Amino acid sequence: MRADIDGTPVSPDVARQAVAWVVELSAGPPDAALEADWRRWRAANAEHERAWRQVEAIDARLQGLSSAPALAALSTSALSRRQLLAMLVATGGAATLLWQGGDKAWLHRFKADHHTAVGERRLQVLADGTQLHLNTDTVVDVAYTSQARVLHLRRGEIRVDTAPDPLSRPFSVVTAHGRVRPVGTRFLVHDQRWAVAVVVLEGAVDLQPEGADVTTRVAAGQQARFDRGGATVPEALRPGAGAWVDGVLVATDTLGAFVAELARYRPGHLGCDEAVADLRLSGVFPLDDTDAALDTLAATLPVRVRRRSRYWVRIGARPDTA
Amino acid sequence: MSATAKAAEGQHFHQLYRAHHGWLLGWLRHRLPCRDTAEDLAQDTFLRVLTARERETIEEPRAFLTVIAQRLVASHYRRRSLEHAYLDALAQLPETVAPSPETRLLALETLVEVDRLLDGLSFRAKKAFLLARIDGRPYADIAAELGVSVISVKKYMAAAAQRCYFAASGEDR
């Protein structure tokens with residue numbers, strides 16, 4: 001992480017002074033008097049300034065790291081990395097993550113009624129017989145009361161196969177953008193962060209966006225999206241929608257679109273180069289073995305799968321062989 | 001170096017490469033599951049030989065090559081282990097903004113460097129430094145979390161900052 005502006009290292013004495021300033025300035029909230037002294041030190045001579053620029057250049061690189069994962073990676077103790085992350089989150093680390101993130105969905109992961117890890121899929125049967133299928137990286141809370149049956153979709157994607165209720169309680173799925181009210185049915189709800197996508201397989205659902213006064217009905221064989229402001233006009237559902245419940249992903253469009261979908265099921269990075277993103281792809285791929293799915297891509301399309309590690313994979317053009 | 005000396009050195013290198021590249025590749029393929037990586041590290045090894053200031057003819061070429069290659073294999077595994085752990089832990093956190101692949105890559109490079117620069121410090125020292133410099137946590141907070149005094153946090157900071165920012169400037173405290 002070389003940052004010497006003009007190549008020669010700063011002298012040990014100036015380095016020591018700069019380090020002392022870093023230590024003082026990091027201690028706590030800003031202190032006008034301290035900062036004035038620091039500025040005077042910087043201005044006092046060119047080597048001081050050069051040393052400080054070096055600190056700033058390396059700090060710029062450090063800011064690209066997330067502290068909790070970095071510490072988990074740097075840990076050399078006997079604790080497993082997962083334990084360490086859980087600890088970081090449970091103690092003060094949690095507050096820091098909140099400042100950085102602003103999204104409380106992760107908090108729910110540790111207290112939620114049901115959640116899945118990245119790549120995991122699961123079926124949960126609820127007390128009334130309703131079948132709740134959880135897709136990858138999903139967090140759901142169940143709030144069944146004597147008046148109503150409510151699911152809170154905090155994150156991810158679910159398929160719900162509602163069961164008739166002996167108590168005839170209304171059913172709804174609450175998302176960050178509004179409610180989805182089924183009318184005795186099988187449907188999928190996917191929290192895509194900036195909107196919620198709904199696909200109806202059987203029956204119908206009513207979408208009630210949080211801020212809008214309009215209810216949109218989506219019938220079997222249709223899909224729509226909504227956010228706080230409103231809903232799209234329902235359109236025919238994409239073939240293969242909801243196939244994850246059967247453990248497969250259906251490609252019907254471009255390689256780029258397929259890879260973006262497949263990436264949801266793998267931890268780490270999976271990306272596709274612009275050069276090959278528009279290649280057409282169709283087929284059915286297993287979600288239980290995403291590596292096999294990637295190998296199949298390389299066998300059927302003029303692409304190459306570059307694996308720098310299990311957690312960093314990119315699809316690109318196959319290099320020409322001379 | 002005179003032109004003739006340079007030419008002789010160049011020749012030595014070519015001979016070394018011709019005689020031992022294939023063998024080295026085989027050696028590496030036994031230690032690395034991925035063929036591409038083995039090829040990259042073989043090239044890396046010879047590149048280091050080329051740029052080393054070794055003037056004399058290498059007595060034991062294969063032993064010499066394996067020493068360099070062994071170090072590269074170890075750094076490769078260390079790097080992979082850091083990447084796995086970092087991306088795995090990162091995947092547990094919500095993404096407020098999805099970083100570009102280039103940003104991710106740079107973050108991993110930074111992590112590998114930080115790991116190298118802070119090597120030898122206690123985990124507590126590394127934690128104090130990153131929490132202070134990345135998250136801006138005040139020392140009182142960090143001290144409470146680590147179960148140490150604020151003075152200890154300052155000592156950790158000084159040791160880590162010296163290594164991280166001024167590794168090339170000699171003596172570290």
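Any read-out appearing in this document is the output of simple, stated calculations on the displayed coordinates, not a laboratory observation. Fair warning: this is a prediction, and the values are worked out from it, not measured in the lab. Here the Cβ positions follow ideal geometry from the backbone for every residue, glycine too, while neighbour counts run over all protein chains shown.
Per residue, the convex hull spanned by the Cα atoms of segment B:1-86 measures out at 99 cubic angstrom. Taking GluC sites (Glu not before Pro) in DSSP loop states with no more than 13 other Cβ atoms inside 10 Å as exposed sites, chain B has its longest site-free stretch at B:96-170. FRET efficiency for the pair A:T296 and A:A197, taken as 1/(1 + (r/R0)^6) with r the Cβ-Cβ distance and R0 = 25 Å, rounds to 0.40. Whole-percent P(r), segment A:106-214, all Cα pairs, 5 Å bins from 0: 3, 12, 25, 27, 20, 10, 3, 0. The rule of thumb for compact globular proteins, 2.2 N^0.38 Å, goes into the C-alpha radius of gyration of segment A:116-177 1.11 times. Remark on A:C272: its backbone amide H falls under 5 Å from those of A:I315, a criterion applied only to residues 5 or more positions apart or on other chains, H modelled at 1.01 Å from N.
Largest first and in whole Å, the equivalent-ellipsoid semi-axes of segment B:37-89 read 29, 10, 9, each the square root of five times a Cα gyration tensor eigenvalue.
Any idea what diffusion coefficient segment A:137-271 gets from Stokes-Einstein, in µm²/s, Kirkwood Rh on alpha carbon pairs, 37 °C, 0.692 mPa s? Walk me through the numbers on the way to the answer.
Details: Rh = 15.5 Å.
Answer from the Stokes-Einstein relation: 212 µm²/s.
For chain B, how many pairs of lysine residues have a Cα-Cα distance under 27 Å, where the two are 8 or more positions apart or belong to different chains? Provide the component values of the computation, followed by the final result.
Details: B:K126/B:K154; B:K126/B:K155; B:K127/B:K154; B:K127/B:K155.
Value for chain B: 4.
Under a 5 Å amide H cut-off, with hydrogens placed 1.01 Å from N, A:D253 pairs with A:L281 among residues at least 5 apart or on other chains. A Förster radius of 25 Å combined with the Cβ-Cβ distance from A:D289 to B:H30 puts the calculated FRET efficiency at roughly 0.40.
Among B:C34, B:C164, which comes first, second and so on when ranked by fewest other beta-carbon atoms within 10 Å? Write out the running numbers ahead of the final one.
On the way: B:C34 15, B:C164 25.
Ranking B:C34, B:C164 by Cβ neighbours within 10 Å, fewest first, gives B:C34, B:C164.
Shape class of segment B:121-163 from the alpha-carbon gyration tensor: oblate, with a/c at 1.5 or above and b/c at least as large as a/b.
For segment B:1-149, report the translational diffusion coefficient in µm²/s to the nearest whole number, using Stokes-Einstein at 25 °C, 0.890 mPa s, and a Kirkwood Rh over Cα pairs.
Numbers: Rh = 19.0 Å.
It comes out at roughly 129 µm²/s.
Karplus-based coupling profile of segment B:34-51, in residue order and whole Hz: 9, 4, 4, 5, 4, 5, 4, 5, 5, 4, 4, 4, 5, 4, 5, 4, 5, 8, with θ = phi - 60° in 6.51 cos²θ - 1.76 cosθ + 1.60 and x standing for Gly or Pro.
Restricting the calculation to Cα atoms, segment A:146-196 yields a radius of gyration followed by a Dmax of 11.2, 36 Å.
In order along segment B:13-18, the phi-based Karplus estimate (6.51 cos²θ - 1.76 cosθ + 1.60, θ = phi - 60°) of 3J(HN,Hα) comes to 4, 4, 5, 4, 4, 4 Hz; Gly and Pro are listed as x.
Please order A:S309, A:S282, A:S67 by the number of other Cβ within 10 Å, starting at the fewest.
Ordered from fewest to most neighbouring Cβ atoms within 10 Å, A:S309, A:S282, A:S67 come out as A:S282, A:S309, A:S67.
For segment B:114-156, the relative contact order is 36 percent, taking Cα pairs closer than 8 Å that sit 6 or more residues apart in sequence and dividing their mean separation by the residue count.
Based on DSSP loop calls and a cut-off of at most 14 other Cβ atoms within 10 Å, the longest stretch of chain A free of exposed trypsin sites (Lys or Arg not before Pro) is what? Please report the intermediate quantities before stating the final value.
On the way: sites that count: A:R2, A:K104, A:R228.
Between the exposed loop sites, the longest stretch runs A:105-227.
With a ≥ b ≥ c the root eigenvalues of the C-alpha gyration tensor of segment A:215-322, is it rounded (a/c under 1.5), prolate (a/b larger than b/c) or oblate? Walk me through the numbers on the way to the answer.
Values: a/c = 2.18, a/b = 2.08, b/c = 1.04.
Note, shape of segment A:215-322 comes out prolate.
Spread over its residues, the convex hull of the C-alpha atoms of the protein assembly as shown is 209 Å³ per residue.
Here the sum of -39500 (n - 2.57) over DSSP H runs of 4 or more residues, divided by the residues of the protein assembly as shown, equals -15000 deg cm²/dmol at 222 nm, to the nearest 500.
Ignore the peptide's own chain and count Cβ atoms of other chains within 10 Å of each Cβ in B:146-153; give me the average, rounded. Please report the intermediate quantities before stating the final value.
Numbers: counts 1, 0, 0, 0, 2, 0, 0, 3.
Per residue, the number of nearby Cβ atoms from other chains is 1 on average.
Listed values for segment A:29-44 are Karplus-derived 3J(HN,Hα) couplings in whole Hz (6.51 cos²θ - 1.76 cosθ + 1.60, θ = phi - 60°), namely x, x, 10, 4, 5, 4, 5, 5, 4, 5, 4, 5, 4, 4, 6, 4, and x replaces Gly and Pro.
Could you give the C-alpha radius of gyration of segment B:99-173 expressed as a fraction of 2.2 N^0.38 Å, taking N as the number of residues it contains? Please list the in-between numbers first.
Values: Rg = 13.4 Å, N = 75, 2.2 N^0.38 = 11.3 Å.
Output field value: 1.18.
Under 5 Å from the amide H of A:Q124 lie the amide H atoms of A:L132, A:H133, A:L134, each residue being 5 or more positions distant or on a separate chain, with H modelled from the backbone and absent for Pro and chain starts.
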